[in-house]
Amino acid sequence: MAEIEYGGIKVKGGKILIIISLLGTLGGALWGGFEFYKDYLDMKEKIQEYTAPNLSYIEEELAVLKSEISSVLEEVSLVNDVAQSLKNDLRSDIKLMKDDIRNIDKIVNDIEDRVKANEREISDDFKLLEQEISDKINKALNNPLNNMSASTK
């Protein structure tokens with residue numbers, strides 16, 4: 001086996017492999033630590049150089065959007081008010097129309113009743129007149145003074 005002597009210390013083959021492995025691991029850990037530290041410094045520099053983007057145009061657009069939404073809400077409120085007013089007016093108009101229709105129906109019924117009564121009265125009058133005329137015609141025909149009975153001989 002190989003043996004190495006350094007500063008009065010003798011190291012044999014198996015221990016050499018362990019030492020080389022430990023040195024490699026230690027070197028890798030140091031290299032990883034340095035890389036991590038370098039990344040940290042780079043990130044720190046980027047963070048210090050960072051400037052927030054200008055978002056004022058978004059704020060302006062939001063203000064305009066809020067204004068437009070407010071206008072739309074006002075218009076919707078006005079339309080709703082007008083619709084409610086129209087609804088109330090229509091209800092009132094419909095109620096008035098119903099009342100008018102009831103009054104007209106009552107008037108028509110009264111007129112129909114009067115017309116029927118007048119028809120009955122006129123019919124009765126015609127019957128009386130017809131009877132009177134028939135009686136007068138019969139009386140005139142049966143009158144001995146009328147010359148109709150002499151002309152038939």
**Fill in**
Taking the dipole of the chain about the Cα centre (Lys, Arg +1; Asp, Glu -1; charges at Cβ), the one of Ala2, Ser85, Gln131 that reaches farthest to the positive side is Ala2
**Prompt:** Hey, if you put +1 on the Cβ of every Lys and Arg and -1 on every Asp and Glu Cβ in the range 55-153, which of Asn118, Val76, Ser56 ends up farthest toward the positive end of that dipole?
**Reply:** Asn118
**Prompt:** Could you give the angle, 0 to 90 degrees to the nearest 10, between helix 13-49's Cα long axis and the longest principal axis of the Cα atoms of the chain?
**Reply:** 50
**Leading residue at positive end of dipole, the range 1-51 (Cβ point charges), from Leu30, Met43, Gly14** = Gly14
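So if I place +1 on the C-beta of Lys and Arg and -1 on the C-beta of Asp and Glu, and nothing else carries charge, what would the dipole magnitude of the range 1-51 be about its Cα centre? I want it in debye, nearest 20. Don't skip to the answer; put the middle values down first.
Values: 6 positive and 7 negative charges, 62 e Å.
Dipole magnitude for the range 1-51 comes out near 300 debye.
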**0 to 90° range, to nearest 10: angle between helix 56-142 axis and the chain longest Cα axis** = 10
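Pairs of lysines 8 or more apart, or on different chains, with alpha carbons under 24 Å: count those in the range 10-120, would you?
Values: Lys38/Lys46; Lys87/Lys95; Lys87/Lys98; Lys95/Lys106; Lys98/Lys106; Lys106/Lys116.
The result is 6.
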**Message:** Is there a quick way to get the dipole size of the range 54-153? I mean about its Cα centre, with the Cβ of Lys and Arg at +1 and of Asp and Glu at -1; what is the value in debye to the nearest 20?
**Reply:** 1320
**Item:** For the range 1-22 versus the range 72-126, the gap between their alpha-carbon centres in whole angstrom
**Value:** 120
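Quick note: the coordinates plus some simple rules give every number you see, no bench work behind them. What you are looking at is a predicted structure, and each value in this text was computed from that prediction instead of being measured. Please note: Cβ atoms are built from the backbone with ideal geometry, for glycine as well, and neighbour counts cover all protein chains shown.
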